[in-house]
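Take a look at the structure set out below.
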Amino acid sequence: MAQVDLAQPELVTRPEFYPWQTLPRQQIARQYRQDKLPHALLLCGQADLGKRGFASAMAQLLLCRAPVAEKACGECPECALIGAGTHPDLRIVQPEAPSKQIKIDQIRALIEWSGHTAQRNGLKIAIIHPAETMNNATSNALLKCLEEPAGSTLMMLVTRQPARLLPTIRSRCQRVNFALPSPELVLPWLAERLPDNQNLALLLNIAGGAPLAVLNHHDEQYLERRQVIAKSLAALLTAESSAAEAYSRLAADEPVMVVNLMLEVVADALRWQVSEVDGTVKNQDLAGNVKVIGQSVSKDFLFRLLDRLMQEARQLSSTSNPSPQLLLEALLDAVSHRQLEVF
Ligand SMILES: [Zn+2]
C-alpha cells in the first residue's frame with residue numbers, strides 16, 4: 001500500500017452530508033456533544049437516499065479533531081487516515097464479493113476489534129451495511145456485542161429493510177429514519193450536478209423521489225430503454241409481436257430492470273383501468289403504452305401478470321438464480337401464450 005503523506009491535503013476526501021440530512025445530522029451531533037451518544041444507531045430508509053454516505057460522513061465528523069459547523073475539517077490527521085481508508089478506529093463491515101451476505105467471521109472480527117481500546121481519540125466507529133444481509137447466526141453474534149457494548153464503540157447499522165432484522169437487534173439500536181426529501185429541496189441540488197439535463201423533474205418522479213437514483217439513471221439512453229421495454233410489453237400483450245421479437249429487443253437490457261419496469265407498467269395499467277384518467281398513471285413518460293395495455297388486456301389477466309412479475313423479480317434478486325436471461329426468455333414466452341401459472 002502507498003505511504004500516506006499527511007501533509008498533502010489533496011489525499012484527503014471528505015464525505016459530505018446531503019442537504020436533506022440536516023435533521024439526523026444535527027440530532028446525532030447534539031447527542032455526541034452532550035455525551036449521550038447510544039452504542040448503536042439503526043439508519044433506516046428506502047434506497048438511494050444516501051444513508052451509507054451519511055454513515056461515512058457522520059463517522060468522519062465524530063472522529064475529526066477540528067470539525068467546523070458540524071462538518072469534518074478534511075485536513076486533520078484523523079480525516080487523512082479516513083481518506084486513505086486506514087483509520088484504525090473505523091471499521092466498515094459489508095458483504096465481500098462474490099458473497100451477497102455479511103459472514104459470521106466478519107462479525108467475529110468486528111467483535112474482537114471492538115474489545116480493544118481505541119488507538120486514536122477514544123471513540124471507535126463501525127458501519128454495518130446493508131445490515132439486512134446478516135443471517136440469523138450472524139445477527140446473533142452481533143447481538144452479543146450490542147448487549148455488552150465495549151465502552152467507546154458506536155455501531156451504525158444501515159438498512160433499507162429494518163423489518164428483516166432480528167427484533168432484538170432493532171430494540172438495541174436508536175432508530176434514525178431517513179424520509180423522502182421534498183422535490184423543492186432535491187431538484188436544485190440535482191440541477192447543480194446535472195446542469196444540462198432537461199428531464200430532472202421527470203427522472204425524480206420516475207425514481208419515486210429518491211435523489212441518488214436520478215444520478216444513477218440520468219442519461220438519455222435510460223429514458224429510451226424504458227420506452228422500448230414498455231412498448232415491447234404492449235406489443236406482446238396485443239399480439240403485435242412474438243416472444244422471440246420481444247426478447248431480441250430486450251436481450252441487451254438487465255433482466256432485473258426489464259422485469260421491474262414491466263411490474264410498474266402493469267401496476268399503472270391497472271390504475272388506469274380503475275379510473276380511465278391519464279393522470280393516475282405514475283410513470284407519466286410511459287402513459288401511451290400503459291393506456292394501450294389498459295384498454296386491451298383484462299383486469300384478471302393483468303393481476304395474474306402482476307403476480308408472475310413479482311415472482312420473477314424475487315427470483316432475480318435471490319442469490320441462487322443461475323441464468324437471468326433464460327428466466328426473462330421464459331417469461332416473455334409465457335406472456336405471449338397467456339400461460340402465467342405462478343409456480
Ligand atoms: Zn478533520
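We did not get these values from a lab; they are worked out from the coordinates using the rules stated. A quick note: this is a predicted structure, and the numbers were derived from the prediction, not measured. Reconstructed Cβ throughout: ideal geometry from the backbone, glycine too, with neighbour counts over all protein chains shown.
Points to keep in mind about this one:
- The slack in the chain from Q101 to L180, taken as 0.36 nm per residue of separation less the alpha-carbon distance, amounts to 25.8 nm.
- Aspartates and glutamates whose Cα lies under 14 Å from that of K100, excluding same-chain neighbours fewer than 8 positions away: E132
- Relative contact order of the chain, defined on C-alpha pairs under 8 angstrom at six or more residues apart (%): 16
- A simple charge model with +1 on the Cβ of Lys and Arg, -1 on the Cβ of Asp and Glu and nothing else charged puts the dipole of the range 101-156 at about 160 debye relative to its Cα centre.
- Across the alpha-carbon atoms of the chain, the computed radius of gyration and Dmax are 23.7, 69 angstrom.
- Put in line by how crowded their Cβ is, counting other Cβ atoms within 10 Å and starting with the fewest, F301, F54 read F301, F54.
- For the range 256-343: relative contact order, % (alpha-carbon pairs under 8 angstrom, 6 or more apart): 32
- For the range 64-92 versus the range 278-343, the spacing of their alpha-carbon centroids is 47 Å.
- Overall, the chain carries a charge dipole of about 1260 debye about its Cα centre when +1 sits on the Cβ of Lys and Arg and -1 on the Cβ of Asp and Glu, all other atoms neutral.
- Förster radius 51 Å - calculated FRET efficiency between R108 and D35 (Cβ-Cβ, nearest 0.05): 0.95
- About its Cα centre, the dipole of the range 9-177 is roughly 440 debye, where the only charges are +1 on Lys and Arg Cβ and -1 on Asp and Glu Cβ.
- Over the Cα atoms of the range 9-177, the radius of gyration divided by the Kirkwood radius equals 0.94; this is the Rg/Rh ratio.
- Of the Cα atoms belonging to the range 219-336, the radius of gyration and Dmax stand at 13.5, 41 Å.
- Close amide-amide hydrogen proximity is noted between V93 and I127, I128, H129, each under 5 Å apart and 5 or more residues distant or on a separate chain (H modeled in the peptide plane; Pro and chain starts excluded).
- Anchor K231: lysines whose Cα lies under 23 Å away (excluding residues fewer than 8 positions away in-chain): K282, K291, K299
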